[in-house]
Every structure is written in structure tokens, then in C-alpha cells.
Amino acid sequence: NVYALDGKTGSLRWKYPTAGSWVISTPSVIDNKVIFTTSDSLKFQVLDARTGSEVYSLPYGTYAFSSPSIADGHAYFGTFDGKLHAVDLDTKSYSGEFAVPGFAVNGPRYLTSDGKLRADVVWTGDTLDDLIVNLRVKIFSMGSILSTPEVLGGVVYFGSTDGTLYAVGQ
């Protein structure tokens, strides 16, 4: 769930259910909209800040822990497949993406044709150690973008699990 609390009393103003999906990102708030990414449900979400009702959502292919950064009418966030996504907040649609080199090298090995993580990549054993090995060796090799982008002077800065700090023009 995503919750809105009254800043003075601490009482619940509204609650938005995320279908059991984790919300690891920190929401951004602009123009009475709450903007965040979800993990398991693979959605870029925009809610009305006053009511908690959904304004719109956009799907993506793999998990997102990245918090969206807002600049010049766009939101920027990264996903586990090594892609930085740009959303035009006025048209409510994707306006671009940038893929780090690991996506081109390892994306075809670990993603389905529709861009989702293959089930046999995520879970190949019975233990948490198996999952951690798969994250490090397989999933992170795509250059996962777990960091929150920073936008300054028309440039989007973000780090990747490939050990690189990127600077991409808006």
C-alpha cells in the first residue's frame, strides 16, 4: 500500500493498494500528484495527492527500486534491465529511454521477448543465496539502475550496477 497521512495529526488520509507489490521507491509529489514506481507489479504510478485515486499508470518490463526524479515536465527512473525511462507527465506516456551497454549484451539472455525477466533467471534454486547469486551474476549484469536519477542543467545523472556514473541529455 501507499499511505497518505495528515501532517498535523498523523491520521490516515487515504490508502492506495498496490496489489501486493513492494513500493521501494520514494514517491515524488508535484502538481497535487504522487508519483512512484512499484516492484512486482511493474508500474509507474501517478495518484491524485488529495484523494489517493489513480490518475494513470504505465507498465515496464522489470523491477524498479529507483525513485522518480521530476524535471521540466518529465519523470525519470531506472529499472533492473539497465534502462533509464523518461515519462512525459503532460501526455501521460513514455517519451524516451536510454539503455546502458549491459542491456544490449545480457538483456537477450535474461529477458523474454516482451522485456520481462525470465522466471528461470530469478529463481534457479531453493534458497535466498540462490536468489542473491542470480541478482549479482545475471540480473545486475544488465546494468540495473537502482539509484535515483538527478537532473541538473538538462542532464540526467544516474549510477548503474555496472559501476558507471552516466550523464545523459534530457
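The values are calculated or read from the model by the stated rules, or taken from the named source; none is laboratory data. The model shown is predicted, which means the values in this text are computed figures rather than measured ones. Backbone-built Cβ (ideal geometry, glycine too); neighbour counts: all protein chains shown. Just the protein is used for accessible areas: all its heavy atoms, side chains included, with ligands, DNA and RNA removed. Shrake-Rupley method; radii C 1.70, N 1.55, O 1.52, S 1.80 Å.
Values as computed for the structure displayed
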{"item": "Test: residue in the stretch 160-169 that is of a type in the set (S, T, N, Q) and open to solvent by 40 Å² or more (accessible area, probe 1.4 Å)", "result": "yes"}
{"item": "So residue 10, is it modelled with pLDDT under 95 and out of contact with any strand residue (DSSP E or B) (no Cβ under 8 Å at 6 or more places or on another chain)", "result": "no"}
{"item": "Leading residue by the ranking (surrounded by the most Cβ atoms within 10 Å (Cβ to Cβ)) among those in the stretch 1-43 that are under 28 Å from residue 84 (Cα atoms) and of a type in the set (Gly, Ala, Ser)", "result": "25"}
{"item": "Every residue from the stretch 44-70 that is over 29 Å from residue 112 (Cα atoms) and crowded, with 21+ Cβ neighbours inside 10 Å", "result": "47"}
{"item": "From the options 113, 141, residue that is at pLDDT below 95 and either buried (at least 20 other Cβ atoms within 10 Å of the Cβ) or part of a helix (DSSP H, G or I) (or both)", "result": "141"}
{"item": "Some residue of the stretch 37-49 being outside any loop (DSSP other than H, G, I, E, B) and either acidic (Asp, Glu) or on the phi > 0 side of the Ramachandran plot (or both)", "result": "yes"}
{"item": "Subset tally (residues that are in contact (Cβ under 8 Å) with a residue 40 or more places away in the chain and of a type outside the set (Val, Ile, Thr)) for the stretch 10-30", "result": "3"}
{"item": "Flag if residue 80 is touching a Pro at 6+ places or on another chain (Cβ under 6 Å), under 14 Å from residue 37 (Cβ atoms) and not in a helix (DSSP H, G or I)", "result": "no"}
{"item": "Any hit, the stretch 121-133, residues being within 20 Å of residue 42 (Cα to Cα) and modelled with pLDDT of 90 or more", "result": "no"}
